[in-house]
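Derivation of every value follows stated rules applied to the coordinates shown; laboratory data play no part. Just so it is clear, the model here is predicted, and its values are computed rather than measured. Neighbour counts are summed over all protein chains in view; Cβ atoms, including those assigned to glycine, are modelled from backbone coordinates with ideal geometry.
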Amino acid sequence: MERYTNAANNGNLKAQYNLGITYLEDDDIPQDYKKAKKWWKKRLNKETIKRNLI
């Protein structure tokens, strides 16, 4: 989890997506919709910016 969090904080899109999934579906951590939404929103915002630059 720490590895994904570090990568996500450094802007890794795949890690941001995976953290969202983890907060929704992982049996080892409490389900947290707010954190899942936070990471998916960050990913979406960064992905949108990337597309607009192309």
Going Cα to Cα from K35, which lysines come in below 21 Å? Please leave out same-chain ones fewer than 8 positions away.
K14, K46
Under 12 Å, Cβ to Cβ, from A36 - net charge with Lys/Arg +1 and Asp/Glu -1:
+4
Taking 0.36 nm per intervening residue step and subtracting the Cα-Cα distance, what contour gain separates D27 from L53 on full extension?
5.5 nm
For K46 and M1 in one chain, what is 0.36 nm times their gap in residues minus the Cα-Cα distance, to one decimal in nm?
14.1 nm
